[in-house]
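See structure below.
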Amino acid sequence: MLRRGRDFIQLPGPTNVPERIVRAMNRMGSDFAEPTFTRMVRACMEDLRDIFQTKGEVYPYVAIGHGGWEAVLTNLFAPGDRILIPETGRFSESWRDMAQALGFATETVPGDWRTPVDADALETVLRADRDRTIKGVLAVQIETSTGIAHDIHAIRRAIDRADHPALLAVDAVASLAIMDLPMDAWRVDLVLAASQKGLMMPPGLSFVAAGPRALAAAEEGGAPRKYWDWRARRGEESYMWFYGTPPVQLLHGLREAIDMIQEEGLPQVFARHHRLAGTARAAVSHWAQAGGMAFQAVVPESRSASVTAIRFAEGYDPEAVRRLARDRFSVAFGGGLGELYGHVMRIGHLGDLNEPMILGALGVLEACLKLEGVPHMPGGVTAAIDHLAADR
Ligand SMILES: *Cc1c(COP(=O)(O)O)cnc(C)c1O
């Protein structure tokens, strides 16, 4: 079938790559030892500190977020170390699986994938660790599989109340440049991100921002590692920061992405995501009145700025809706991950997105609900328009 117009990517990643970034990357190869290139990459790393809201070090990797996870684990912890990973959904599970495969001892605070991390339960676990053998708490800020934004500040305060020295590392892959995470102000020791979500780039880069306590832990300890090792990634030349060839074209894209975020302003980037997420939620709340669906995130304040996860009533198939949206209407929505497959679909509303894009996607989704016979209160798009119109 001939397709006209634009395909819409309403996935929670990868996200739309803006034309400015595509153009910035569209270039021939060049010598990565050129001083101008080295200066550009150094400036990117400096500017990323502002986006991470830290004075710490930012280490770039040619890797997706999963690589970043391994960098975090192997730099901070030694095999056998106990690590506490509160259960938030598919991503906390996968990070835990990786930690186990690498020989770390993982503990969890059980979660139900529908409510935010219970900070009091986390405090209880840490208080019970009298010998202070838990070395780290690994938390996911926006758990993309459930659409829940977990309260990192509450987790920080719980660690403080327990007076526990564990490092706090946060997966902000789906939240950097989307919602606020004042790394230094909240004394988060490490934050991880990847290029293909809030940074609006293609997949292929991940970043780890490390504060003083994380840097100290890595300097003295960590696990056997080489590619991921921060200590091997220092020096004057850009190839040292990448422990090999810098990804030249991606880095030109990164420069453009940072420029775009700086031009808009980080608070404005957060506000735009908040507004567009509210627009999506207005439609879903409206549709849900007919009983065919509900928010996966039961606590309204925990619904994230990146992604809205919709749980279908028993007997209705989100995969059929997704297929129809993709094949007939050129809109890609996210499916359910892990145990949520076949029960949940997800609207991504992160990255390079504006009002007409979200309204278009919501319009298509309402059409697909109708075509597939999923019970919904008609008029969700009008509710979304009302949400936008109320915000002058
Ligand atoms: C997307 C995502 C990841 C993994 O990213 P990849 O680049 O696919 O490895 C990790 N954590 C969260 C919260 C994510 O949303």
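The values are calculated or read from the model by the stated rules, or taken from the named source; none is laboratory data. None of these values were measured; they are calculated from a predicted model. In this analysis, Cβ positions are derived from the backbone assuming ideal geometry, glycine residues included, and neighbour counts consider all displayed protein chains. Quick note on the areas: whole protein, heavy atoms, side chains included, nothing else; ligands and nucleic acids left out. Shrake-Rupley method; radii C 1.70, N 1.55, O 1.52, S 1.80 Å.
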Members of segment 183-198 found to be part of a loop (DSSP other than H, G, I, E, B), more than 15 Å from R213 (Cβ to Cβ) and open to solvent by less than 10 Å² (accessible area, probe 1.4 Å), listed by number: S195, G198
Between R275, R213, which is of a type outside the set (D, E) and more than 26 Å from A384 (Cα to Cα)? R213
Filter result (within 23 Å of the chain's Cα centre (by Cα) and hydrophobic (A, V, I, L, M, F, W, C)) within segment 129-165: V137, L138, A139, V140, I142, I148, A149, I152, A154, I155, A158, I159
May I ask you to list the residues in segment 341-385 that are open to solvent by less than 10 Å² (accessible area, probe 1.4 Å) and either touching a Lys or Arg at 6+ places or on another chain (Cβ under 7 Å) or not assigned by TED's automatic domain parsing to the domain that holds T308 (or both)? V344, M345, L350, G351
Selected residue (criterion: least open to solvent (accessible area, probe 1.4 Å)) from residues of segment 105-128 that are touching a residue at least 40 places away in the same chain (Cβ under 8 Å) and over 28 Å from A177 (Cα atoms): L126
Within segment 28-36, is even one residue at pLDDT 95 or above and of a type in the set (A, V, I, L, M, F, W, C)? no
Candidate set from segment 144-167 (those that are assigned to a strand (DSSP E or B) and within 16 Å of the ligand (Cβ to nearest atom)); member that is surrounded by the most Cβ atoms within 10 Å (Cβ to Cβ): I148
So which residues in segment 177-210 are within 11 Å of the ligand (Cβ to nearest atom) and on the phi > 0 side of the Ramachandran plot, if there are any at all? G204
Just checking, does segment 374-391 include any residue being outside any helix (DSSP H, G or I) and out of contact with any Phe, Trp or Tyr (no Cβ under 9 Å at 6 or more places or on another chain)? yes
Please determine, by comparing only the residues of segment 68-95 that are charged (D, E, K, R) and touching a residue at least 40 places away in the same chain (Cβ under 8 Å), which one is surrounded by the fewest Cβ atoms within 10 Å (Cβ to Cβ). R82
Would it be correct to say that A99 is away from the ligand (no atom under 13 Å from the Cβ), among the small types (G, A, S), surrounded by 15 or more Cβ atoms within 10 Å (Cβ to Cβ) and in a helix (DSSP H, G or I)? yes
Would segment 42-58 turn up any residue that is within 16 Å of the ligand (Cβ to nearest atom) and crowded, with 19+ Cβ neighbours inside 10 Å? yes
What's the total number of residues in segment 199-216 that are in a loop (DSSP other than H, G, I, E, B) and either in contact with an Asp or Glu (Cβ under 7 Å, 6 or more places away or on another chain) or of a type in the set (G, A, S) (or both)? 3
List the number of the failed condition for P224; all other conditions in (1) in contact with a helix residue (DSSP H, G or I) (Cβ under 7 Å, 6 or more places away or on another chain); (2) open to solvent by 10 Å² or more (accessible area, probe 1.4 Å); (3) touching a residue at least 40 places away in the same chain (Cβ under 8 Å); (4) assigned to a loop (DSSP other than H, G, I, E, B) hold. (1)
Condition met for D180 (open to solvent by 10 Å² or more (accessible area, probe 1.4 Å) and either over 20 Å from the mean Cα position of the chain (by Cα) or among the aromatic types (F, W, Y) (or both)): no
Considering each residue of segment 72-106, count those that are of a type in the set (S, T, N, Q) and in contact with a His (Cβ under 8 Å, 6 or more places away or on another chain), and give that number. 2
Have a look at G222, G253 and point out the one that is within 16 Å of the ligand (Cβ to nearest atom) and not charged (D, E, K, R). G253
Quick one: what pairs do we get from segment 141-163, first residue at pLDDT 95 or above, second open to solvent by less than 10 Å² (accessible area, probe 1.4 Å) and part of a helix (DSSP H, G or I), C-beta under 6 Å, 6+ apart or different chains? Q141/I152; I148/S302; A149/S302; A158/L122; A162/L126
Quick one: which of R346, R303, R311 is in contact with a Ser or Thr (Cβ under 8 Å, 6 or more places away or on another chain) and touching a residue at least 24 places away in the same chain (Cβ under 8 Å)? R346
